[in-house]
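Derivation of every value follows stated rules applied to the coordinates shown; laboratory data play no part. Just so you know, these numbers come straight off a predicted model, no measurement behind them.
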Amino acid sequence: MRQDDDTRKDGTGLGRRQFFRTLGGGTAAAAAAVASVPLGTTEAQAYDPGSAETRSRYRETDHVKAFYRTNGYETLKK
């Protein structure tokens, strides 16, 4: 049993296809409204990380030295 595409038999008047047509039209209208709003420009602020975040964190500890030794990185040293 097939229902009519535009209206339902229970009298609501809005079928599945009509619902999706309406939904699509509303989405297009919302996108057009957002696109018509001019965007304001603001000046960018620079981030200063400070001395704590820019200091060197690399430490050649015993386990790092063991990793280099077992993977053959000692041959690359000058």
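Remarks
- The slack between ARG21 and GLU53, meaning 0.36 nm per residue of separation minus the straight C-alpha distance, is 6.1 nm.
- Extended-chain gain in nm, criterion 0.36 nm per residue less alpha-carbon gap, THR61 and GLU43: 2.1 nm
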